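*Asks:* Below: one structure in structure tokens.
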Amino acid sequence: MWSKRRQRGVLFWLSGLKWLAGGVITLWIGLILIFSVLPVPFSAVMMERQLSAWFSGNVSYVAHSDWVPREAISPAMALAVMAAEDQRFPEHWGFDVAAIQSALSHNEREGSSLRGASTLSQQTAKNLLLWDGRSWVRKGLEAGLTAGIELVWTKRRILTVYLNIVELGDGVFGVEQAARTYFHKPASRLTAPEAALLAAVLPNPHRFKVNAPSAYVLRRQQWILRQMRQMGGEGFLRAHQL
């Protein structure tokens, strides 16, 4: 009798988990479809940061983002994040195989996971729909969501969403909010050096600061500027309809 009761309990919980997983997948699919055309009001990482601040007693923290269309973002800013994070962005289908192989080789030589190879598409999927941190479970979910986003969205749309939700400081999300916070101007008026400085703090804006750049950040800013020129400047964006 006890064995049958326990078996029914296990089946009940398995059924519940199946329905929960199905609900989450349906929600993700719906959000990918909705955000293919509508502005993104918030992201999962924004919610995570806000809740974490509240639970730690920091009631003054506010995760804030101002959505702007791609046309209202400086071309230099779009080019800077690609130069810094994903120079093959227009060419791949969400995953940069060459970068992954290079990262694996580097990490094997160093003996630890020191270098990542996340594309802008992967970072968009993670920031929008998942939690921060590192785990194989999250990476697996990220891969599936990245494939879904690449299937439904254009590259221009992925870049637009990324630029609007990327974390660029404590409570600062998106390039419009970052431009107004750090440079007191809209994102449409960002210069190439300013855009490169914002991109230089990625992917760790908690360690590296736009308003107090370290020597490393300043060197990285200059490297990004050189990469932007080598990529072809605004002509690169026009050629790839970005």
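The values are calculated or read from the model by the stated rules, or taken from the named source; none is laboratory data. This one's a predicted model, so the numbers in the text were calculated from it and none came from an experiment. Here the Cβ positions follow ideal geometry from the backbone for every residue, glycine too, while neighbour counts run over all protein chains shown. To get the accessible areas, we keep the full protein, side chains included, count just its heavy atoms, and leave off ligands, DNA and RNA. Shrake-Rupley method; radii C 1.70, N 1.55, O 1.52, S 1.80 Å.
*Asks:* How much length is gained on full extension from T181 to W93, taking 0.36 nm per residue of separation minus their Cα-Cα distance?
*Replies:* Working: separation 88, 0.36 × 88 = 31.68 nm, distance 3.34 nm.
So the chain would gain 28.3 nm between T181 and W93.
*Asks:* According to the square roots a ≥ b ≥ c of the eigenvalues of the Cα gyration tensor, what is the shape class of the stretch 144-236, taking rounded for a/c under 1.5, prolate for a/b larger than b/c otherwise, and oblate for the remainder?
*Replies:* On the way: a/c = 1.65, a/b = 1.33, b/c = 1.23.
Taking the square roots of the gyration eigenvalues as a ≥ b ≥ c, the stretch 144-236 is prolate.
*Asks:* Further, regarding this structure: Place a label point 7 angstrom from the Cα of S188 along the Cα-to-Cβ direction, then list the residues of the stretch 51-78 whose backbone nitrogen is under 20 Å away.
*Replies:* From the stretch 51-78, the list is 65-78.
*Asks:* Would you work out what percent of the accessible area of the stretch 49-240, with all protein chains in place, is carbon or sulfur (probe 1.4 Å)? Spell out each step's value before the answer.
*Replies:* Details: 5210 of 9370 Å².
Roughly 56 percent of what the probe reaches on the stretch 49-240 is carbon or sulfur.
*Asks:* Taking the Cα centre of each part, how many Å lie between the stretch 132-170 and the stretch 41-87?
*Replies:* What the calculation gives is 12 Å, centre to centre.
*Asks:* Using a Förster radius of 35 Å, what is the FRET efficiency between K209 and L33 based on their Cβ-Cβ separation? Nearest 0.05, please. Before the final figure, lay out each step's value.
*Replies:* Details: r = 37 Å, r/R0 = 1.05.
Taking R0 as 35 Å, the efficiency between K209 and L33 is 0.45.
*Asks:* How much length, in nm to one decimal, is gained on full extension between H240 and D66, taken as 0.36 nm per residue of separation minus their Cα-Cα distance?
*Replies:* Numbers: separation 174, 0.36 × 174 = 62.64 nm, distance 2.57 nm.
Stretched out fully, the H240 to D66 stretch lengthens by 60.1 nm.
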